[in-house]
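Engineer: Supplied in structure tokens, the structure appears directly below.
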Amino acid sequence: MEKRESLWEKCLRKGISRRTFIKGCTGLCALMGVSVDRLAEVVEAAEAKPLPVVIWIHGHECTGCDESFIRSAAPLASDLVLSQIDLEYDHLLSAACGEPFEAHLKATMAANKGNYILAVEGATCTKDNGVYCMSGGHTFSSLLKEAAAGAMAVIAYGTCAAYGGIQAAKPNPTGSSGIGAFCGATPVVNVPGCPPIPEVMTGVVMHVALFGSLPPLDGEGRPKQFYGNRIHDTCYRRPFFDAAMFADSYDDAGAKAGWCLYKLGCRGPETYNSCGNIRWFEGLSYPIQSGAACIGCANANFWDDGVGSFSERLPKYGKLGNADKIGTAVGAAAVVGVAAHAAASVVQKGKREAIEAAESGKKESR
């Protein structure tokens with residue numbers, strides 16, 4: 001097997017300066033959601049580690065994750081594929097096809113056993129021995145098991161790969177499911193979304209490539225740096241929620257003024273993703289900013305949860321009571337807090353003035 005270049009060796013061959021290389025590594029820190037305190041680790045890995053082999057396979061899906069991936073702007077998908085990873089197999093992004101391409105997949109898995117990253121897009125089907133999803137003449141489930149067994153890590157791109165997605169919606173005639181149960185002991189990182197944000201996709205694969213380990217994960221196997229906050233927590237409409245100012249329809253005065261879309265079915269309060277801070281199209285916008293409520297596409301059962309209507313609001317009553325009154329209660333609490341703070345300030349001011357007057361009197365008596 002030919003020796004594979006490191007990122008630094010590839011930069012040298014292309015005449016890229018050391019300064020530009022270091023700047024690129026700094027950008028990778030931001031992309032991966034890690035502190036620049038780890039810049040030295042990133043530089044060391046980029047200098048020494050060969051570009052990671054990536055195998056990307058497809059199950060039940062719509063190619064939306066690939067389409068999202070190629071729109072990554074930091075880094076550009078072209079830079080990632082041509083300079084920062086060694087993408088050996090991908091149905092969509094490869095020119096090759098047919099028997100020679102499938103033979104290349106087998107050879108790549110054998111030559112890099114235990115060292116390649118497996119990216120999976122789409123659900124796997126289980127009904128009737130998986131015959132409803134075939135790849136290269138074999139069921140996708142059998143290919144997934146074989147490819148995952150030799151991988152260092154598996155990245156489940158999209159809600160379909162992570163949880164089953166739309167294919168697993170009721171009545172789920174193909175028995176589609178997420179890929180986790182087919183990956184054996186190989187660690188899996190879930191990157192849900194329909195599709196995921198492009199920069200999140202590139203950030204996760206570069207983290208695994210450079211550090212040789214998965215990023216910190218939450219209880220559902222999602223990278224914390226990208227799925228650590230609810231969309232509700234980073235939403236610019238949040239102040240309107242706290243003030244109980246809700247749009248009642250998409251064309252009313254409240255909607256036009258940017259009020260909260262909670263009553264229109266927004267799933268932001270229960271959805272964890274980076275839409276509100278990373279956003280889409282190089283940070284240009286995201287669904288809520290464009291005037292549409294979040295449908296919770298990064299959630300496991302988002303399709304069934306919204307089957308009645310994606311504009312159907314979350315339950316009115318829960319552990320906190322009537323959600324319509326949450327904002328009012330928060331606002332009232334804020335008013336009480338401000339009043340208490342003002343009263344305390346008056347008392348403190350009176351004490352301070354009394355002390356100053358006493359000290360002034362002592363000086364005059366001297």
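Engineer: Taking only region 1-45 into account, find how many residues are under 24 Å from Pro223 (Cα atoms) and in a loop (DSSP other than H, G, I, E, B).
Structural biologist: Adding up the residues that qualify gives 3.
Engineer: Could you grab me the full set of residues in region 47-79 that are part of a helix (DSSP H, G or I) and modelled with pLDDT of 85 or more?
Structural biologist: Glu47, Gly64, Cys65, Asp66, Glu67, Ser68, Phe69, listed by residue number.
Engineer: Shifting gears a bit: Does Gly203 count as of a type outside the set (Lys, Arg) and on the phi > 0 side of the Ramachandran plot?
Structural biologist: Against the criterion (of a type outside the set (Lys, Arg) and on the phi > 0 side of the Ramachandran plot), Gly203 does not qualify.
Engineer: Among the residues of region 70-83, is any touching a Phe, Trp or Tyr at 6+ places or on another chain (Cβ under 7 Å) and touching a residue at least 24 places away in the same chain (Cβ under 8 Å)?
Structural biologist: yes
Engineer: Among the listed residues Ala96, Ala111, which satisfies the condition of being over 25 Å from Pro192 (Cα atoms), at pLDDT below 85 and of a type in the set (A, V, I, L, M)?
Structural biologist: After applying the criteria, what remains is Ala96.
Engineer: Sort through Gly212, Gly158, Gly175 and tell me the only one that's in contact (Cβ under 8 Å) with a residue 60 or more places away in the chain and surrounded by fewer than 23 Cβ atoms within 10 Å (Cβ to Cβ).
Structural biologist: Gly212
Engineer: Checking the condition closer than 21 Å to Phe69 by Cβ and either in contact with a His (Cβ under 8 Å, 6 or more places away or on another chain) or assigned to a helix (DSSP H, G or I) (or both), which residue from Leu118, Leu143 passes?
Structural biologist: The match here is Leu143.
The values are calculated or read from the model by the stated rules, or taken from the named source; none is laboratory data. Here the structure is a predicted model, which means the values were calculated and not measured. No Cβ is skipped: glycine too gets one built from the backbone with ideal geometry, and neighbour counts run over all protein chains shown.
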